[in-house]
Structures are given as structure tokens and as C-alpha cells.
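First the structure, in the form of C-alpha cells, and then the observations on it.
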Amino acid sequence: GDDAHSWGVDGVRECKWHDGCTDVDGYRWPRPVVLGCALDLDSTPCAMRFSVDGCWSEALDFQGFSFCKGLYPAASGVEVGEFRFDSASCDFEPPDDTYRYAGDSPEGCDVDGVREVIAVEA
């Protein structure tokens, strides 16, 4: 989230990041924590949502972003953690039933109609 090409949430500094920091008071995370990320790339505008231990909050949403060539998950400041992409590995549900887990998507799926969820457990 340090520049115009990245997005993130930070439960230590209680802010969300995209081309700099925006305060979101009250979002200090427990340890351990499970972060979810849901992407809606089919709607106009595109949306990116984050959850903390399965609770989805509009305060952590990003709306109306654009991107080129793809999006890549990353985590920084995580000493021990893992990415989870399929429903069998995730403990929490997506924001609603229109989303699917990225790991449950068919191989070669294109961007059209994509609403996917990943989770990071740290």
C-alpha cells in the first residue's frame, strides 16, 4: 500500500494503505489473527475487501481501483503465517455467497466474473 499499485491493511498501526496511510481506528488485531481478502473484479467499480478473524468491515474496503496484468497476494510484517486459497483450508466464510475461494476456481479462469477470497493466517 505504499504506492498507487498496492493495497493493504495494518492492524498494528490501525490503518489501511493505498498510496499512503488512511487511519481506521479500532482495528487493532489480536495475535494470532486470520486476515481475509475478497476481490470483486467483475463489478464497476472493482472492490477489494478485508476481514479480521472472519468479520468483514466496510471500513477496510477499497473501491474503484484499477490494475494491469494481475494482482498478487503478499504479506509483510508476518513472522509466521500461511496463505490459504481453498474452502477446505479456510475457517471463515466469504462476505456473501457470490464469492468463491481462489483455490476452488477452475484452472485457467479469466478475470470476467471473478469474485474470489483468500485468507492469510498469521
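The values are calculated or read from the model by the stated rules, or taken from the named source; none is laboratory data. All values derive from a computational prediction rather than experimental measurement. Here Cβ is always computed from backbone atoms with ideal geometry, including for glycine, and neighbour counts include all displayed protein chains. Side chains included, ligands, DNA and RNA excluded: accessible areas come from the protein's heavy atoms. Shrake-Rupley method; radii C 1.70, N 1.55, O 1.52, S 1.80 Å.
Looking across segment 19-64, the residues that are closer than 24 Å to Cys90 by Cα, among the small types (Gly, Ala, Ser) and surrounded by fewer than 17 Cβ atoms within 10 Å (Cβ to Cβ) come down to Gly54, Ser57, Ala59.
Residue-by-condition table, conditions (1) among the aromatic types (Phe, Trp, Tyr); (2) without any contact (Cβ under 8 Å) to a residue 60 or more places away in the chain:
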site	(1), (2)
Gly1	no, yes
His5	no, no
Gly8	no, no
Gly11	no, yes
Asp25	no, yes
Val34	no, no
Phe50	yes, yes
Asp53	no, yes
Gln63	no, yes
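Going by the structure shown, is Ala59 small (Gly, Ala, Ser) and modelled with pLDDT under 85? For Ala59, the condition - small (Gly, Ala, Ser) and modelled with pLDDT under 85 - is met. Per the listing Asp3, Asp25, the residue uniquely closer than 15 Å to Ser66 by Cα and at pLDDT below 85 is Asp3. Could you list all residues from segment 75-98 that are at pLDDT 85 or above and either over 24 Å from Pro30 (Cβ atoms) or open to solvent by 60 Å² or more (accessible area, probe 1.4 Å) (or both)? Hits for segment 75-98 are Phe85, Asp86, Ala88, Asp91, Phe92, Glu93, Asp96, Asp97, Thr98.
Only one entry in Lys16, Lys69 is surrounded by 12 or more Cβ atoms within 10 Å (Cβ to Cβ) and among the charged types (D, E, K, R), namely Lys16.
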